[in-house]
Amino acid sequence: MPYPRGRTLFALTLGAACLLMAAALYLATPPGDILVGFSGPLEGKFSDLGVEGRNAAQLAIEDINAAGGIDGRRLRLVTAHDGYTQKDAMEADSHLAGQRVAAVIGHMTSSQQLAVMAVHRSVVYVSPTVSTYQLTGMDDNFFRVIADNDATARDLGLFAASRGVQTAVALLDTVNEDFSRTFINAAARGFTSAGGTVVNIIPFSSSVPSSLLDAAASAADSGAQAVFVAASARDTAFVLAQMAQNGFSGPKFSSTWALTPALIAQGGTAVEDTFFCHPYPTLAELPAHRNFISRFSERFGWEPSFPGLFAYTAVRLLQRGLEKTQGRTAGLREALKSIRQLDGLCGPITLDAYGDAHMPFFISTVRNGAFEPVR
């Protein structure tokens, strides 16, 4: 599958500056600490993903070091804020490459991941949360521990139809369009295959406040029974609150991107009865899941959600690969491709030959200010 034309052209303009630094990742890591990069949004509106992901990655690294590290060597996390533009993502990863990290945990959003793929071809990425199906089935250096958004979005569309919804409007944030557009397209396929009708798909830019207001007003005035939203937790909360103010009271269906505590904190009663289809249980049923929540909460002061769960797991997958190479970067891609089963915090994860993750799906909703399982 080719990368988008605009991204390739942009990447080539920075290619000469970046390739030498990216090539450093193929060199054998020198004696001493093994550096692990983390690239994600550490500031601003998507920071609920990045900060929690970084903290969980740090916790995983500390656990690995406490158990003896990799072949007697300690891991050390090097972080970079990847911003919200292609240029930001390029610069963040060039910084990490210049530090000679063994691999990068990241990115946390799909558009930032796709922005770097055409240039940083030698960087090994292990992403906690990038789920666009544009990266599914690609023979590249990208690995992930979360399922792609095609199946979860289609299941959410089918679930909406099963609840008697006949018409829906869809909203998507173009700032992370490589995720949001693919999510809405897949949800629409599932919904229409069960007899539903999507009356309109409304894009907006979360970087432009008036764009969110206009999109929410248009969605509320669409006459649709329900709404699908693909945006961050804060932006999903905002548009749903605005739609409620404009008189909308129908069912709400959201992408996993918004399934963090920030949604409830920002949205209040406006996000009650919002439904999600997601690849992990919202209730901690396994001891490893419960233990992680307890330790993360004690360390960082809040209860983690999916960014933390999958960031911790991403570091554990990287650990498996580095153990196979005895801490060397040479051969790391092949080592990771050979791993087909991983014990995640919420249960086993199957990895295919392309480094894509497969796992069960769940349906949850917001009820009385908390996420509750439905199915």
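The values are calculated or read from the model by the stated rules, or taken from the named source; none is laboratory data. Owing to the predicted nature of the structure, the values given are computational and were not obtained by experimental measurement. Using ideal geometry, Cβ is built from the backbone for each residue, glycine included, and neighbour counts are taken over all protein chains shown. In case anyone asks, the SASA skips ligands and DNA or RNA and just uses the protein heavy atoms, side chains included. Shrake-Rupley method; radii C 1.70, N 1.55, O 1.52, S 1.80 Å.
Might you check whether a residue that is open to solvent by 10 Å² or more (accessible area, probe 1.4 Å) and within 30 Å of Asn200 (Cα to Cα) occurs anywhere in region 86-95?
Looking through region 86-95, at least one residue is open to solvent by 10 Å² or more (accessible area, probe 1.4 Å) and within 30 Å of Asn200 (Cα to Cα).
Given the condition open to solvent by 10 Å² or more (accessible area, probe 1.4 Å) and more than 19 Å from the chain's Cα centre (by Cα), answer yes or no: does some residue in region 134-142 qualify?
yes
Any chance you could count how many residues in region 321-344 are farther than 13 Å from Ala102 by Cα and not aliphatic (A, V, I, L, M)?
8
Restrict the check to region 309-324 and report whether at least one residue is touching a residue at least 24 places away in the same chain (Cβ under 8 Å) and not in a helix (DSSP H, G or I).
no
Answer yes if at least one residue in region 316-324 is open to solvent by 40 Å² or more (accessible area, probe 1.4 Å), hydrophobic (A, V, I, L, M, F, W, C) and more than 27 Å from Cys277 (Cβ to Cβ), and no otherwise.
First pass over region 316-324, keeping only residues open to solvent by 40 Å² or more (accessible area, probe 1.4 Å): 316, 320, 323-324.
Still in the list and also hydrophobic (A, V, I, L, M, F, W, C): none.
Checking region 316-324: not a single residue is open to solvent by 40 Å² or more (accessible area, probe 1.4 Å), hydrophobic (A, V, I, L, M, F, W, C) and more than 27 Å from Cys277 (Cβ to Cβ).
Within region 347-375, restricting attention to residues that are of a type in the set (Asp, Glu) and more than 25 Å from Ala160 (Cβ to Cβ), which residue is surrounded by the fewest Cβ atoms within 10 Å (Cβ to Cβ)?
Checked region 347-375; the qualifying residue surrounded by the fewest Cβ atoms within 10 Å (Cβ to Cβ) is Asp352.
Quick one: is Leu336 open to solvent by less than 40 Å² (accessible area, probe 1.4 Å), under 29 Å from Leu158 (Cα atoms) and modelled with pLDDT of 95 or more?
Here the answer is no, as Leu336 does not meet what is asked.
Does Thr313 satisfy the criteria of being closer than 23 Å to Ala188 by Cα, crowded, with 23+ Cβ neighbours inside 10 Å and either touching a strand residue (DSSP E or B) at 6+ places or on another chain (Cβ under 8 Å) or of a type in the set (A, V, I, L, M, F, W, C) (or both)?
No.
Within region 265-302, can you find the residues that are buried (at least 18 other Cβ atoms within 10 Å of the Cβ) and not in a loop (DSSP other than H, G, I, E, B)?
If the condition is that a residue be buried (at least 18 other Cβ atoms within 10 Å of the Cβ) and not in a loop (DSSP other than H, G, I, E, B), then Gln266, Gly267, Ala270, Val271, Thr274, Phe275, Phe276, Cys277, His278, His289, Phe292, Phe296 are the ones that fit.
Would you mind finding the one in Asp140, Asp71 that is closer than 20 Å to Arg333 by Cα, touching a Leu at 6+ places or on another chain (Cβ under 9 Å) and among the acidic types (Asp, Glu)?
Details: Asp140 fails: touching a Leu at 6+ places or on another chain (Cβ under 9 Å).
Exactly one of Asp140, Asp71 is closer than 20 Å to Arg333 by Cα, touching a Leu at 6+ places or on another chain (Cβ under 9 Å) and among the acidic types (Asp, Glu), namely Asp71.
Is it the case that region 110-119 has a residue that's in contact with an Asp or Glu (Cβ under 6 Å, 6 or more places away or on another chain), among the β-branched types (Val, Ile, Thr) and surrounded by 24 or more Cβ atoms within 10 Å (Cβ to Cβ)?
Checked region 110-119: at least one residue is in contact with an Asp or Glu (Cβ under 6 Å, 6 or more places away or on another chain), among the β-branched types (Val, Ile, Thr) and surrounded by 24 or more Cβ atoms within 10 Å (Cβ to Cβ).
Quick one: how many residues across region 53-70 are surrounded by 23 or more Cβ atoms within 10 Å (Cβ to Cβ) and of a type outside the set (Val, Ile, Thr)?
5
What single numbered condition from (1) closer than 23 Å to Phe38 by Cα; (2) within 19 Å of the chain's Cα centre (by Cα); (3) hydrophobic (A, V, I, L, M, F, W, C) fails to hold for Ala187?
With (1) closer than 23 Å to Phe38 by Cα; (2) within 19 Å of the chain's Cα centre (by Cα); (3) hydrophobic (A, V, I, L, M, F, W, C) applied to Ala187, the lone miss is (1).
Condition (residue is under 26 Å from the mean Cα position of the chain (by Cα) and either on the phi > 0 side of the Ramachandran plot or open to solvent by 10 Å² or more (accessible area, probe 1.4 Å) (or both)) applied to region 214-225: is it met by at least one residue?
no
Would you confirm whether any residue within region 178-188 is among the polar types (S, T, N, Q) and either touching a helix residue (DSSP H, G or I) at 6+ places or on another chain (Cβ under 6 Å) or open to solvent by less than 10 Å² (accessible area, probe 1.4 Å) (or both)?
yes
Name the residues in region 148-163 that are open to solvent by 10 Å² or more (accessible area, probe 1.4 Å) and farther than 16 Å from Arg375 by Cβ, would you?
Asp148, Asp150
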